[in-house]
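Novice: Sharing a structure, written as structure tokens. Questions coming.
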Amino acid sequence: MATRAQAAQGGARTSLGPVVARRCLCTAYRSHQFYDVEKEEARRHIRVVGTVPNDRQWVPDRVCECLGCGKRFQVEQGEYHHPWWKWTESKAPKTIV
Ligand SMILES: [Zn+2]
């Protein structure tokens, strides 16, 4: 039986970096500013669970919860030449909605 050797080999890191058990699509939100909260919600990727007032913008920040992994983000929406959304991972504890 080569199971032990195979297991050891399977533990080797690939060139993709740190091992992530299951990469959720929400990992892309933080690196890009074109994820429209409303579109993501319509696609059932996230749901909006609350808002946070933002003095710098026309619209309040929205607190979004990933439907894939439950991670929360605070999203600031702004407009420069075109609309953008800044997704920041939220450390706030879960609240009952
Ligand atoms: Zn997620």
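Novice: Count, please, the residues in the stretch 60-92 that happen to be exposed (fewer than 14 other Cβ atoms within 10 Å of the Cβ) and in a loop (DSSP other than H, G, I, E, B).
Specialist: Of the residues in that region, 7 qualify.
Novice: Now, a different point. Report the residue count in the stretch 16-49 for those that are part of a loop (DSSP other than H, G, I, E, B), modelled with pLDDT of 95 or more and either within 15 Å of the ligand (Cβ to nearest atom) or more than 14 Å from W87 (Cβ to Cβ) (or both).
Specialist: 4
Novice: Can I ask one more? I'd like the residue in the stretch 50-59 that is surrounded by 12 or more Cβ atoms within 10 Å (Cβ to Cβ) and at pLDDT 95 or above and, out of all such residues, is farthest from the ligand (Cβ to nearest atom).
Specialist: N54
Novice: Right, here's the next one. Identify all residues within the stretch 49-78 that are more than 17 Å from E38 (Cβ to Cβ) and touching a helix residue (DSSP H, G or I) at 6+ places or on another chain (Cβ under 7 Å); write none if there are none.
Specialist: Selection gives G68, C69, K71.
Novice: What are the pairs with Cβ atoms under 8 angstrom where one residue, in the stretch 31-42, is closer than 14 Å to F73 by Cβ and the other, located anywhere, is small (G, A, S)? Sequence gap at least six, or different chains.
Specialist: That search, which allows pairs on different chains as well, returns Y35/A28.
Novice: Still on this structure: Looking at this structure, is R72 under 12 Å from the mean Cα position of the chain (by Cα) and within 14 Å of E89 (Cα to Cα)?
Specialist: Yes.
The values are calculated or read from the model by the stated rules, or taken from the named source; none is laboratory data. Quantities reported herein were computed from a predicted structural model and do not represent experimental measurements. Note: ideal-geometry Cβ built from the backbone for every residue, glycine included; neighbour counts use all protein chains shown.
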